[in-house]
Structure formats: C-alpha cells, structure tokens
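One structure is given below, encoded as structure tokens.
The values are calculated or read from the model by the stated rules, or taken from the named source; none is laboratory data. This one's a predicted model, so the numbers in the text were calculated from it and none came from an experiment. Ideal geometry is used to build each Cβ from the backbone, glycine not excepted, and the neighbour counts take in all protein chains shown. The area values use the complete protein model at the heavy-atom level, side chains included, leaving out ligands, DNA and RNA. Shrake-Rupley method; radii C 1.70, N 1.55, O 1.52, S 1.80 Å.
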Amino acid sequence: MIVWLNGRFVESDGAISAEDRGFLLGEGAFETIYTEGGRCAFLNQHNDRLRCGLQTLGLAGEAADKDWREISAGLARANGVGGAAALRITVTPGPGGRGLGAAAGPPTVLASMSRLSAFPEGCKLKLARARRYSGALGARCKLVGGYVDNLAALAEARAAGADEAIMLNERGDVACASAANIFLISPAGVAATPRLSDGALPGVVRSILIAGAHDVRIEERSVRVEELSAALVLLTNSLRGVALCAGAGATPGQARAAAALKSCYAEALAAELGREKP
C-alpha cells in the first residue's frame, strides 16, 4: 500500500518511527473521510473536527490545512482505487523522548486509503456494558487513544453475535454506537438523536440530517434506553451513510421517516461529489 507521509507518497511498511508518541501513548487526532475516485466528501466538516482534535491535544492546527483533495486523488491513483474508499488522516506530535511530558516533533501527518465494500443493511445491535463518558475529551472529536471503550463495546457485541454495540453514557442514557451516531424513530415517525452533551460525537452525517431533513421532525435530546424497544434504529457515519438496523417490522410512520432520512443524505452526498441525485 502507498501512503502519504509528511509530504511524500511512500510504501507503508516501516513508515512510522518507533518513538512516535501516537504509537507509544495514543496521542493524536484522526479523521476518516468517504471518497469516490479520490474525491473527498464533506472535507470542510472533517477538517473542522480534525482541527478541534488537534487543539484539544495542544497540537498545531496546520495539518488540517493540507491539500487533502490533491493528496486523496494521489492516493487513489497510486493504489489503483477507482470507486468508494475511506481516506484516513492521522496526526500525532511525532517522535519524542521518554515520559508523558517529553518534547516531541516534528509532527507525523499520515494519510492512507482503503477500498470500501457495501455495508449490509439490518445490522444486529447489542447493548454494551462499556460506557461512553460524556465529559471525556474524545467525546467531541476523534482522538487516537480515545476509542478504548468503543473497542471494548464492539468486542462485547461481536462476542454475543451482534454486529454493533449501543453505548450508554455514565447516566444510563443512550450516547451512540461504537462507531456511529444513532437515531431512534418512534412509531409516529419522530426521530430522536442523543445530544452532544450526552456523549454523542458531532458526526458529519448527523449534522447533515439535522440541518436538512425538513420532512422529518428530529429532536436532539436525552434518549432513555427503554425507548429502544419500540423504536426503529438508524446508524449514521461517514462510511456507512444512513443504515437501518435489524428489528421488528416498522410502522408506516417509521418507514416514511427512515426513507426520508436516507434520501436526505443520499442527495447531499450526490451534490457534494458532483453526481446526479439518486
């Protein structure tokens, strides 16, 4: 695989220093962006969140200002990727001395691209024991070391035969899935999604739906776990888009709302990538 590392396209083997603090301490920020033929979707929103992650860690924000569109196109060409793919951007402080307070630098800025296969509909969910702490630094941006609880939740779900985990916050309210935002649609067709203050990540797809799904009433509020049993559940993230989860048959109101949310994002993505509306 060819990756982009600190300004050059190189082979991925042995690309990162053994003293890099991202590797040793999990210190760094990242973003994962949906691309088609090397074209990035919603890059500005991802850059804003990357910049938030860098600021959270006290790192310089210049990495968010790289020409990611050109880098993404170069990675697609170098790796022969012509269709849907994930562009992963990772920024760490770079190599440093021993100890938490040791100086580091220059920063490591890495981008890689992986092909995407279609995600199956109807994923099975499992309520996880691992919690999502609403006040954690990693709750509002993507930090390299901030996904330990999410990984534990997903492992628990997979061990139980499920595809994804639902994570509660420290108060017992629904926060998110292990790698996605969550929307619950009531039998009447009203959608609810957890607030950012409840531990939900400010997801790119989440924000697009809240801003643009005018045909669906969406409430940002605390969501109780008891609501899951009667709700139609959708998961959203930049790679999956809007995905319907397995469950009981949907009411007409739920089916209409789910279709409207999926259509809203599909149209936004088509407009962003310059292709015809679906």
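Given DSSP loops and a limit of at most 16 other Cβ atoms within 10 Å, what is the longest stretch of the chain that contains no such GluC sites (Glu not before Pro)?
That would be 171-275.
Just need the relative contact order of the chain here, percent rounded to a whole number, with Cα pairs under 8 Å and 6+ apart.
17
Mind checking which aspartates and glutamates have their Cα closer than 12 Å to the Cα of LYS142? Skip sequence neighbours fewer than 8 apart in that chain.
Straight-distance partners of LYS142: GLU27, GLU31, ASP48.
Could you give the dipole magnitude of segment 5-77 about its Cα centre, charging the beta-carbon of Lys and Arg +1 and that of Asp and Glu -1, in debye to the nearest 20?
Using Cβ point charges on Lys, Arg, Asp and Glu, segment 5-77 gives about 200 debye.
If I fit a long axis through the Cα atoms of helix 68-79 and take the longest principal axis of the Cα atoms of the chain, what angle between them do I get, 0 to 90°, rounded to 10?
Roughly 80 degrees, rounded to the nearest 10.
What FRET efficiency comes out for the pair GLU11/GLU62, r = Cβ-Cβ distance, R0 = 22 Å, nearest 0.05?
0.30
Based on a Kirkwood Rh over C-alpha pairs, give the Stokes-Einstein translational diffusion coefficient of segment 138-278 at 25 °C and viscosity 0.890 mPa s in µm²/s.
159
Around GLY241, with a cut-off of 13 angstrom between Cβ atoms, what is the net charge of the other residues, counting Lys and Arg +1 and Asp and Glu -1?
-1
Lys/Arg Cβ at +1, Asp/Glu Cβ at -1, dipole of the chain taken about the Cα centre: which of SER112, VAL148, CYS176 is farthest positive-ward?
Of the candidates, CYS176 comes out farthest on the positive side.
For Rg and Dmax of the Cα atoms in Å, several values are listed as (i) 20.4, 64; (ii) 23.7, 70; (iii) 19.2, 60; flag the one computed from this structure.
The calculated read-out lines up with (iii).
Can you give the net charge of the other residues whose Cβ lies under 13 Å from the Cβ of ARG49, counting K and R as +1 and D and E as -1?
+2
Per residue, how large is the accessible surface of segment 222-278? Use a 1.4 angstrom probe and give square angstrom.
Result: 48 Å² of accessible area for each residue.
Count the net charge of all other residues whose Cβ sits under 15 Å from the Cβ of ALA157, scoring Lys and Arg as +1 and Asp and Glu as -1.
Value of the local net charge: +2.
Over segment 24-113, average the accessible area per residue using a 1.4 Å probe and give it in Å², no decimals.
41
222 nm [θ] for the chain, helices only, -39500 (n - 2.57) per DSSP H run of 4+, per residue, to 500?
Calculated at 222 nm, the ellipticity per residue is -8500 deg cm²/dmol.
For segment 25-119, run through the trypsin sites (Lys or Arg not before Pro) and keep only the ones in DSSP coil with at most 16 other Cβ atoms within 10 Å of their Cβ.
Sparse-neighbourhood loop trypsin sites (Lys or Arg not before Pro): ARG98.
Taking the inverse of the average 1/r across all pairs of different Cα atoms in segment 82-172, what Kirkwood radius in Å do you get?
Hydrodynamic radius (Kirkwood, Cα pairs) of segment 82-172 is 16.1 Å.
If packing is taken as the average count of other Cβ atoms within 10 Å, what order do 254-263, 197-206, 175-184 fall into, highest mean first?
Taking the mean over residues of other Cβ atoms within 10 Å, the ranking is 175-184, 197-206, 254-263.
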